[in-house]
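Here's the structure, in structure tokens; my notes come after.
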Amino acid sequence: MLYVGGGIITSGAESDLLKFARTTGIPVTTTLMGIGCFPETDPQSLKWLGMHGTVYANYAVDECDLLLAMGVRFDDRVTGKVSEFAKKATIVHVDIDASELNKNKAVALPVLADVRQALKNLNQLLARRSHAHLPKRWAKWREKIEGWRKKYPFSYSPVPGRIMPQQVIEELCRLTKGEAIITTGVGQHQMWAGQFYDFHHPRSFLTSAGLGAMGYGYPAAVGAKVACPDREVIDIDGDGSFLMNVQELATAMAENIPAKAIIINNQYLGMVVQWEDRFFSSNRGHTFLGDPNDTQKIFPDYLPICRGFGVPAERITRPEEIRPALQRLLAAKTAYVLDVMVPYTEHVLPMIPAGATVKDIILEPMQLGDAPLQSEVPG
Ligand SMILES: Cc1cc2nc3c(=O)[nH]c(=O)nc-3n(C[C@H](O)[C@H](O)[C@H](O)COP(=O)(O)OP(=O)(O)OC[C@H]3O[C@@H](n4cnc5c(N)ncnc54)[C@H](O)[C@@H]3O)c2cc1C
Ligand SMILES: Cc1ncc(C[n+]2csc(CCOP(=O)(O)OP(=O)(O)O)c2C)c(N)n1
Ligand SMILES: [Mg+2]
């Protein structure tokens, strides 16, 4: 398995990686920070691994006998219980930072190198003679992975009459053909953006992954739009995260920067709610973001807030509104905000709990029926 990440993007090694993967036929999984360094619609791509990554990538890393880790740092959201991570594999780790080698995970072969140069050298070695037999050699392995891929795709269960967050992102991916630059806040919406949008190019998924700074999404979108005025730039944000830097709407208007935002508005700090539900008996610790005196009201009301900044905004509450609303957002020539009301009861799946292993992977939605939940989100 190839386990590749942010280092591929910083070093600009994506074409060298593609060449190496093609020649050898080795399946590729990325980290969240590596999203886009290998085209996600490619048959060799297993999308991303880790806590909320694909089941098939996690299973493949668990089963593989050789793990080529390149420009990655064995983050705990990827490894879970470190001693169990890729236990059957001989691990080779290529990293430019000596302090990363053997830091979280002791490996068989640490290589201190620029990953771009390392891949170029490997490709040169491979070019010396034909390796056409290599991809065929892994046929059984690929077949096994395809079985997992078919059995465990990213999925969700629609709730009649309600907009599901995943559905909005899937539709956006269809409308933009996976070619937009997507930025995010931190939380459930961030994970769904990574799961349900298919990225083809590096530097297309801008997300605060390591430090996880809520509020990153909109300012990042403004910056990306200035850097890449010809690309569609959309912040897929959470209602909590968007509020943290909402003043940047003024920058977008004052500087005529048409950065768009979609607020996946569940009226909660959704990711924290998910942990409350799963691990703390649904005990709420100030995770409701609405008005406690009127839980049926949508609060804060982003429409007049955006209007106050001179930014056009609309709100949708029903599934049939998704496509036309996204089309209006994409057609807008100025900054634009789409406030999408979604149920707060949805959990990001799959999930490997912190410090656990692939054996503990959660696949099933939670039966929230008897949990002491606050009232449903309006809309
Ligand atoms: C709510 C939440 C959930 C998350 N869930 C997941 C998850 O399920 N899966 C997941 O993958 N992440 C997840 N993350 C992100 C996670 O915390 C880490 O940020 C991410 O996994 C790190 O990616 P990376 O290993 O590619 O390292 P990066 O942080 O991108 O670091 C890059 C590595 O490459 C090295 N490098 C840099 N340049 C070069 C070069 N030229 N040559 C060689 N090496 C180089 C660096 O030294 C470093 O070791 C989550 C984050 C949040 C906030
Ligand atoms: C500045 C900051 N404060 C707190 C956190 C911890 N945290 C991580 S996700 C999250 C909830 C985010 O809520 P929202 O933006 O509404 O996204 P959702 O999970 O509902 O999609 C919180 C509080 C953080 N990552 N950053
Ligand atoms: Mg929220």
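Applying the condition of being within 15 Å of Asn265 (Cβ to Cβ) and of a type in the set (S, T, N, Q) to region 186-205 and asking which residue is farthest from ligand 1 (Cβ to nearest atom) yields Gln188. Looking at Gly36, Gly7, just one residue is assigned to a loop (DSSP other than H, G, I, E, B) and either among the charged types (D, E, K, R) or crowded, with 21+ Cβ neighbours inside 10 Å (or both), and that residue is Gly36.
All conditions in (1) farther than 26 Å from Ser130 by Cβ; (2) buried (at least 22 other Cβ atoms within 10 Å of the Cβ) hold for Leu17, with the sole exception of (1). If you go through region 94-112 and keep only what is over 27 Å from the mean Cα position of the chain (by Cα) and either farther than 21 Å from Val82 by Cα or among the aromatic types (Phe, Trp, Tyr) (or both), you end up with just Leu112.
Matching residues to (1) among the hydrophobic types (A, V, I, L, M, F, W, C); (2) within 16 Å of ligand 3 (Cβ to nearest atom); (3) free of Cβ contacts under 8 Å to residues at least 12 places away in the same chain; (4) surrounded by fewer than 24 Cβ atoms within 10 Å (Cβ to Cβ):
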site	(1), (2), (3), (4)
Ser157	no, no, no, yes
Pro160	no, no, yes, yes
Leu172	yes, no, no, no
Phe199	yes, no, no, no
Ala209	yes, no, no, yes
Met214	yes, yes, no, yes
Ile234	yes, no, no, no
Leu243	yes, yes, no, yes
Ala250	yes, no, no, yes
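Return a yes/no flag: does region 330-345 have any residue that is exposed (fewer than 15 other Cβ atoms within 10 Å of the Cβ), in a helix (DSSP H, G or I) and in the same structural domain as Met271 (by TED's automatic domain parsing). Scanning region 330-345 turns up at least one residue that is exposed (fewer than 15 other Cβ atoms within 10 Å of the Cβ), in a helix (DSSP H, G or I) and in the same structural domain as Met271 (by TED's automatic domain parsing). Out of the residues in region 208-238 meeting the condition of being in a helix (DSSP H, G or I) and within 16 Å of ligand 1 (Cβ to nearest atom), tell me which one is nearest to the chain's Cα centre (by Cα). Per the criteria, the residue is Gly217.
The values are calculated or read from the model by the stated rules, or taken from the named source; none is laboratory data. Because the structure is predicted, anything quoted here is derived from the model rather than measured. Ideal geometry is used to build each Cβ from the backbone, glycine not excepted, and the neighbour counts take in all protein chains shown.
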